[in-house]
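For reference, the structure is listed below as structure tokens.
The values are calculated or read from the model by the stated rules, or taken from the named source; none is laboratory data. Everything numeric in this text was worked out from a predicted model, so none of it was measured. Cβ placement follows ideal geometry from the backbone for every residue including glycine, while neighbour counts extend to all protein chains displayed. To get the accessible areas, we keep the full protein, side chains included, count just its heavy atoms, and leave off ligands, DNA and RNA. Shrake-Rupley method; radii C 1.70, N 1.55, O 1.52, S 1.80 Å.
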Amino acid sequence: AMKFNGYLKVRIGEAVGLQPTRWSLRHSLFRKGYQLLDPYVTVSVDQVRVGQTSTKQKTNKPTYNEEFSATVTDGHQIELSVFHDTPIGYDDFVANCTLHFQDLLRSAGSSDTFEGW
């Protein structure tokens, strides 16, 4: 597998279509309708966290436009995870996706940047 060595810059734009979690639904019994999350996104390279966005309040389609940079040595993959910021205990996992550097490098072709998702 191809490994990535270099400077990584990730911009987190927005998340859409986030679903409420069991925890958030359990704590919304007295509120009408759809449960909104307090979501934030973490950016990890090979299980090491290199960035975390701010938390957006009461939204299932947060906009962040936040940027993170890291120097990567022998990188295999980037993982983006969304969590619901809970007032107590562990934050609640909402969703994630994993991107492999070799796929990004292949798609980028001759350009130095990859834009997608």
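The set of residues in the range 46-63 that are assigned to a strand (DSSP E or B) and surrounded by 17 or more Cβ atoms within 10 Å (Cβ to Cβ) comprises Val50, Gly51. Scanning the range 1-45 for residues that are at pLDDT 90 or above, farther than 18 Å from Ile78 by Cβ, open to solvent by less than 30 Å² (accessible area, probe 1.4 Å) and assigned to a loop (DSSP other than H, G, I, E, B) yields a total of 3.
The set of residues in the range 73-88 being touching a helix residue (DSSP H, G or I) at 6+ places or on another chain (Cβ under 9 Å) and outside any strand (DSSP E or B) consists of His76, Thr86.
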